[in-house]
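Have a look at the structure below, then the notes.
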Amino acid sequence: MKLDIFSDPVCPWCYLGKANLDRAMEAHADHPFEVEWHPFQLNPDMPEGGVDKRDYLSRRFGAAQLDQIHQRFRDIAAKAGVQMDPDTPKRIPNTLDAHRLIHWAGLEGRQTPMVSALMRAYWVEGRDIGDHATLADIAEEAGLDRAAMARLLATDADRADILARESHARGRGVNAVPTFVIANEYVLSGAQPPELWGQVIAELAAEKG
């Protein structure tokens, strides 16, 4: 059963949502899902070189409120058993190239490992996933050929396709991430807990059985 996931590696809710889904699928090895990841840029107008994360978010929310937001994420992550400190990433990158990398990984059956590697690199290790050399390193960590990915990143390959797919998603009503579409019929939004995913898996099994 197809599970389409619209996500952005720099979205904290996407990181938490993936961790929760991973836990549920590990606990229910008989889950029916065939996962495919789809591009959605949280900050589509972000400059190519990215921006300083704290400066950008402080201007948007105010420094005091930003600290409260970050503490909320720490609490939620700790409760979910997820390693995450919102202060670890120092920059907000433009993620178009990261989405190209996810697309190319999908052609080699490595899409989910690539998403995992990108999210870990950003949220746990604080790496700049807008930087081409960093992206090539992450591609190698996810099992892809580093040199081939570096060559592709240096071109405009598939940029237009990624942007068109994102535009199509927005046209279908995807306006926030993460968004999960089950069998092109049921939609879940946000970082749903593993328990809810367990219920979904059980209900799908009952419908099938």
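No lab work stands behind these numbers, since they all come straight from the coordinates. The shown structure was predicted, so the numbers you read here are calculated from the model rather than taken from an experiment. Cβ placement follows ideal geometry from the backbone for every residue including glycine, while neighbour counts extend to all protein chains displayed.
So here's what we get for this one:
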{"item": "Qualifying residue in the range 144-158 (condition: buried (at least 22 other Cβ atoms within 10 Å of the Cβ), under 24 Å from A77 (Cα atoms) and among the aliphatic types (A, V, I, L, M))", "result": "no"}
{"item": "Contacts under 6 angstrom Cβ, first residue in the range 64-78 being surrounded by 14 or more Cβ atoms within 10 Å (Cβ to Cβ), partner among the aliphatic types (A, V, I, L, M), 6 or more apart", "result": "L66/L57; A77/M84"}
{"item": "Filtered residue count, the range 127-149, keeping only those that are under 15 Å from the mean Cα position of the chain (by Cα) and on the phi > 0 side of the Ramachandran plot", "result": "0"}
{"item": "Residue within the range 37-44 that is more than 25 Å from I182 (Cβ to Cβ), touching a helix residue (DSSP H, G or I) at 6+ places or on another chain (Cβ under 6 Å), of a type in the set (S, T, N, Q) and surrounded by fewer than 18 Cβ atoms within 10 Å (Cβ to Cβ) present", "result": "no"}
{"item": "Looking only at the range 45-58, and only at residues there that are surrounded by 17 or more Cβ atoms within 10 Å (Cβ to Cβ) and charged (D, E, K, R), the one that is nearest to R110 (Cα to Cα)", "result": "K53"}
{"item": "Flag for G81 being surrounded by 14 or more Cβ atoms within 10 Å (Cβ to Cβ) and under 28 Å from I182 (Cβ atoms)", "result": "no"}
{"item": "Residues of the range 1-55 classified as within 24 Å of T134 (Cβ to Cβ), polar (S, T, N, Q) and touching a residue at least 60 places away in the same chain (Cβ under 8 Å), total", "result": "2"}
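For (1) within 19 Å of the chain's Cα centre (by Cα); (2) closer than 16 Å to P39 by Cα, each residue gets a yes or a no:
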site	(1), (2)
A157	no, yes
I162	yes, yes
S167	yes, yes
R170	yes, yes
N184	no, no
S189	yes, yes
Q192	yes, no
W197	yes, no
L204	no, no
